[in-house]
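Nothing in this text is a laboratory measurement; each read-out follows from the coordinates by a stated rule. Just so it is clear, the structure is predicted and the values come from calculations on it, not from any experiment. Heads up, the Cβs are rebuilt from the backbone with ideal geometry, glycines too, and the neighbour counts pull from every protein chain shown.
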Amino acid sequence: MEISEVQKIAHLARLSLSDDDATRYAGELNNILELVERMNARDTDGIRPMSNPLDATQGLRADEVTETIDRELFQSSAPLAEGGLYLVPKVID
Amino acid sequence: MHNRTIASLATGLQTGEFSATELCRHFLARIDACNDTLNCVITTTAEGALEAAQASDDRRANNAALGELDGIPLLHKDVFCTAGVRTTCGSKMLANFVSPYDATVVERLHQRGAVMLGKTNMDEFAMGSTNEHSYFGPARNPWNTEHVPGGSSGGSASAVAAGFAAFATGTDTGGSIRQPAAFCGVTGLKPTYGRVSRYGMVAFASSLDQGGVFARSAADVAPALNAIAGFDPRDSSSSQHPTDDYAANLAQDLRGLRIGVVREHFSDGLDSEVADCVHAAAATLREAGATLVNISLNETALTVPTYYVIALAEASSNLSRFDGARYGHRADNPQSLEDMYERSRSEGFGDEVKRRIMLGTYALSAGYYDAYYGKAQQLRRLITEDFARAFTDVDLILAPTTPAPAFRLGELVDDPVNMYLSDIYTCAINLAGLPALSMPAGQSASGLPIGAQLIGAHFQESRLLNVAHAFQCRTQHHLAAPDTGAYAEISR
Amino acid sequence: MTWETVIGLEIHVQLATKSKLFSGAAIGFGAPPNSQACAIDLALPGVLPVLNAAAVSMAIKFGLAVGAQIARETIFARKNYFYPDLPKGYQISQLEAPIVGPGHIDIELANGAQKRIGITRAHLEEDAGKSLHEEFEQYTGIDLNRAGTALIEVVSEPDMRSASEAIAYLRKIHSLVRYLQICDGNMQEGSFRCDANVSIRRPGAELGTRTELKNLNSFRFIERAINFEVERQIDVIESGGSVIQQTRLYDPDKHETRPMRSKEEAHDYRYFPDPDLLPVLVTQASIEALRTELPELPDAKRERFKQAYELSQDDAHQLTSSRAHADYFELAASTSGHPKLTANWMTGELAAALNRSNTDIVDAPVQAQRLGLMVARIADDTISGKIAKQLFEIMWSDERPVDALIDAQGLRQVSDSSAIVGFVDAVIAAHPAQVQQLRDGNTKVIGFLVGQVMKSSGGKANPKHVNQMLRTRIEEQTS
């Protein structure tokens, strides 16, 4: 991975890295990727991917209102809220 | 008092030898005396604990119905949401986050009358194997405070070993209960995937995470597992497979049981003292009536990279909600939305978390999905089938938990690759969703605990606890306790 | 130099479930901010999604109604991106294995011909919250009430060739989802939203670069936006430029589209199957059970009305424009026993009254049975058609039964000969000149004489009988 690619990935993940950090991470990530390369030693043609270890399937919930909402309580940990709205820096569309 | 079994404590409460309040005070005093050194508890909830203990005593006094763990003190890993009490996940991002709701695990233990003493230290967002990646500083191994307690549930393991509570909860994604249990000389169980509800357990890797228990013996793990196991409709991955009474079959005979020992595990990478302990454990189990069988798990070499790709990809997405918008850390004076996101997340997350988020993001990014995540999901099936094949031959597998005893603090903190490789014996189990436990099996020459791992087929927790109990009836490793006298402070 | 327009539409249909797609919070427009956002909708640490059974059923019904294949195993995927109205930092949607596969819907073109529009797929996904930019100077306010609401996204093939075809397709889907009772179709409240993908090309050429138009919340806006965009793209290309692939917002005040700033960079959504949700198995039995629950669909109902009630295409179309209209008609027609006359009244007086008072048919003060009874009274000669108009107006504000009102207002037609003959004779006596004109062969003057009888009887005499009786009496008196 190049430093520029590290910066691109960092931006996708909304992390800001200084150039020094990016260099350091690039080195570490490349080492980890080498480890990950070992996966290619094994042929997996035709193997079905497994997302749940028990191959379980989804249960369904009855369509009912079950939640009572305590907005005060939820917003008591908000960094900034007013009039019931969460506030973030202005976004221009 | 803090080295007594849960059954013994329950009897003590019942006979009036001591009250729940006295019991609570005793453990709070232990925390007070040793936590400055060990740093295994992030938040002590003394007031709430004493209230709960008093309520327990009142129930007993009024002959009201008692829960199965009434009055028994516990600690929760700080990854479980606790209503009204700070839940930090060991991170600056949530350093002041007070959860408005209780995790199902917390709720169920509370319903059975257990008394929560506080929240334990952990690697940030459960990402790590040493508890050195915590915003609140590293937790230390009570056997030798220059060594790590393991991770990510290092705080819980260390706390149980040091006698801070009768038992503690933890979570295990690639070994985060079993490895610290081995490093700290306690018994730690990771149940089958889906056995314990993940609702309220802050997610690291959704298809791998499972909540479990630390205690000083299998017999103590059992009642705690009874409390938390079982279907939860709030967790789609929760299983409807019927639960057992996990304490009912502890003393079952081992005759006829086939236990596999894996050839591929005993390679150069395994410390000889650990290998010796595992072989000794095999001999003990043979004496107890089990048949020990050599087996092969051919896919062992693939497990670490497969595990890390899946875990990190899922984690990178699970941690996107931490953006400074609705809760958690927000950077000062953000100049724009993007600035708020980038600075809040960069300031709020530590290095290891950032490393993992970036790797996970990379693995899922355009053009790389098939090579990384897609490939890993295929390997996951092969690894799971490998175990399934083994379980047609044997009932359980005996294995090392870790390649070596606890490392020194600072030894691996900047060496992610070697840290990841140390998960070699544990992470495959999470990929296959199997239940497994680590039990104390000996000590190194330097006095550090060594654990042995028992791995079962899906939903075989009763069998695991049974074999561990049989082992613990014939050995004394689990009875050893660290000498905390060297650093315990007399309470003011 | 002709240009061909190519349009594909993505419609977001908000499902009329009681709770959200993955949480048990209530849904509904206009609640105080964040009063319908529970822990799961807020993406608090540790929360998990659980799938709403009714949303799945509604999606399957939609699929059946457009003749689509229903997936037997359907998977939810995470679409990862950062935006304040998306609390988890990802939207739970579907990528591979959507619940509804390829289907189609037939539209009627202006020239009366039918055209089949392909539907590529329809999938379930959760809605985002709302960002409010106007309320605060330095901040954007986030309301997560809508976050987590169940949607189906219906993706069409790029089969439409004009704004009017696009509108016809939209109207068809709009009517269909309301017929199925899976959506209330309220565009102002955002329960039915449309994005349009528009491009142009020379006939026979490859597809051109397309732009995506957003913020289209009425049929009128959609038509204007598409037409504007097509003109814009033609201008760009004809002056030597090329169309940039981008997302554009429609500005209803300036009647133009402009690029949307926040969507300028291409997103890498890093789709992967959501590990908190498991594959959903849909059994053949459950699909068949839902098939039996499907109501008669608009096209079938319209054809049946034409046949069974002998209605014109236009009338049938109007009366099946919604299930409410269709149900009203059938009840009124069966009450009156005269479907054609009932249809006339519905497309005429009733429609006008509803329009004037801005009332929906379900809230009409004159409900189906009362209208039916009124029509029956016209048909059985109790009242005349003209009088009925008066009666209808009275019924709009007076709840009393039809017969009671007829009597109370004295609206009964007089058809009894012995009662009419007096009026007739009096008019004959009073207008000898006109009577003579009639005898002389001027047939038109009968209208005047009938009018005079109607006037002197206060409008109550049955005009048909009056006409008959005048002729008879005049004839009798000749001899």
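Mean per-residue shielding of peptide C:129-140 is 4, counting Cβ atoms of other chains within 10 Å of each Cβ.
Net charge near B:Ala157: determine it from the other residues with C-beta under 13 Å of the C-beta of B:Ala157, scoring Lys and Arg +1 and Asp and Glu -1.
Overall, the nearby charge balance is +3.
For segment B:1-90, the list of chymotrypsin sites (Phe, Trp or Tyr not before Pro) that fall in a loop by DSSP and count at most 11 other C-beta atoms within 10 angstrom is empty.
Within straight-line reach of C:Lys18, meaning a Cα separation under 23 Å, sit the following lysines at least 8 residues removed in sequence or on another chain: C:Lys61, C:Lys88, C:Lys130. The overall shape of segment B:365-452, judged from the alpha-carbon gyration tensor, is oblate: a/c is not under 1.5, and a/b is no greater than b/c. Cross-link partners of C:Lys460 among lysines, defined as those whose alpha carbon lies under 19 angstrom from its own and excluding same-chain residues fewer than eight positions apart: C:Lys386, C:Lys389.
Ranked by the mean number of other Cβ atoms within 10 Å of their residues, highest first, the peptides C:386-397, B:57-68 fall in the order C:386-397, B:57-68. Distance from the Cα centroid of segment B:211-236 to that of segment C:440-479 is 98 Å (rounded to whole angstrom). Taking segment C:55-78 and a reference point 7 angstrom along Cα→Cβ of C:Ala300, the backbone N atoms nearer than 12 Å belong to C:64-67. The fraction of Cα-Cα pairs per 10 angstrom bin, counted from 0 for chain B, comes to 4, 22, 33, 27, 12, 3, 0 percent, rounded to whole percents.
Directionally averaged projected area (chain C, Cα convex hull): 32.8 nm². Peptide packing for B:459-472, C:80-93 was compared via the average number of neighbouring C-beta atoms within 10 Å per residue; ordered from the highest value, the list is B:459-472, C:80-93.
Legend: P(r) of segment B:126-192 from all alpha carbon pair distances, 5 Å bins from 0, whole percents, reading 4, 24, 33, 26, 12, 2, 0.
With no solvent and one point on each alpha carbon, what is the Debye value of log10 I(q)/I(0) for segment B:430-478 at q = 0.25, 0.26 Å⁻¹? Once normalised to I(0) and log-transformed, intensities are -0.89, -0.93.
Evaluating kT/(6 pi eta Rh) at 20 °C and 1.002 mPa s, with the Kirkwood radius of segment A:1-40 over Cα pairs in the Stokes-Einstein relation, gives 205 µm² s⁻¹. Bridging of C:Lys444 to lysines at a Cα separation below 19 Å is possible for C:Lys455, C:Lys464, once same-chain residues fewer than 8 apart are set aside.
A simple charge model with +1 on the Cβ of Lys and Arg, -1 on the Cβ of Asp and Glu and nothing else charged puts the dipole of chain C at about 960 debye relative to its Cα centre.
Mean partner shielding of peptide B:226-234, defined as the number of other chain Cβ atoms within 10 Å of each residue Cβ, is 2. Scalar couplings 3J(HN,Hα) for segment B:323-334, obtained by applying the Karplus form with A = 6.51, B = -1.76, C = 1.60 to θ = phi - 60°, are 10, x, 8, 10, 6, x, 5, 10, 4, 6, 6, x Hz; x denotes Gly and Pro.
Structural size metrics of segment B:57-192, computed from C-alpha coordinates, are Rg and Dmax of 15.0, 48 Å. Using R0 = 30 Å, the C-beta based FRET efficiency linking C:Asp398 and C:Glu475 works out to 0.10. Packing, as the average of other Cβ atoms within 10 Å across residues, places the peptides B:448-454, B:150-156, C:221-227, C:26-32 in the order B:150-156, B:448-454, C:221-227, C:26-32, highest first. Roughly how tilted is helix C:219-238, in degrees to the nearest 10 and between 0 and 90, from the longest Cα axis of chain C? On a 0 to 90 degree scale, this one is about 50. Helix C:53-65 and the longest principal axis of the Cα set of chain C meet at an angle near 60°. Evaluated with a Cβ-only charge set (Lys, Arg +1; Asp, Glu -1), segment C:296-408 carries a dipole of roughly 160 debye about its Cα centre, given to the nearest 20. Could you pull out which residues in segment B:292-307 have an amide N less than 15 Å from a spot 7 Å beyond the Cα of B:Thr392, following the Cα-Cβ vector? B:296-298, by backbone N distance to the label point. Simple spin-label estimate for B:Ala486 and B:Ala95 gives 3.1 nm between the two label positions (7 Å along the Cα-to-Cβ direction from each Cα). With distances taken between every two different alpha-carbon atoms, segment C:85-212 has a Kirkwood hydrodynamic radius of 17.1 Å.
Counting only Cβ charges, +1 for Lys and Arg and -1 for Asp and Glu, the dipole size of the protein assembly as shown around its Cα centre is about 2320 debye. For chain A, modelled as a GNM with alpha-carbon contacts under 10 angstrom, which of A:Asp43, A:Asp21, A:Asp70 fluctuates the most? Judging by the Gaussian network model, the answer is A:Asp70.
Just how many % of Cα pairs in segment C:417-478 lie over 15 Å apart, if you round to the nearest whole percent?
Cα-Cα pairs of segment C:417-478 separated by over 15 Å account for 39 percent.
May I ask for the angle, rounded to the nearest 10°, between helix A:19-37 and the longest principal axis of chain A, with both axes built from Cα atoms and the value confined to 0 to 90°? Tilt relative to chain A: about 70 degrees.
If you average the sequence gap of Cα pairs under 8 Å that are 6 or more apart and divide by the length of chain B, what percent do you get for the contact order? Walk me through the numbers before you get to the answer.
Details: 1197 pairs, mean separation 89.6, N = 492.
It comes to 18 percent, rounded to a whole number.
Our Cα-only numbers for chain A put the radius of gyration and Dmax at 22.5, 58 Å.
Remark: mean inter-chain Cβ contacts per residue of B:352-364 equal 6, using a 10 Å Cβ-Cβ cutoff to other protein chain atoms. Take every pair of alpha-carbon atoms less than 8 Å apart whose residues are at least six positions apart; their mean separation over the length of chain C yields a relative contact order of 14 percent.
Each residue of segment C:290-397 gets 103 Å³ once the volume of the Cα convex hull is shared out per residue.
Stretched out fully, how many nm does the piece from C:Asp381 to C:Asp360 gain, at 0.36 nm a residue minus the Cα gap?
4.5 nm
Restricting the calculation to Cα atoms, the protein assembly as shown shows an Rg/Rh of 1.14 when the hydrodynamic-style radius is the Kirkwood one. For segment C:205-257, the alpha carbon convex hull comes to 81 Å³ per residue, rounded to a whole number.
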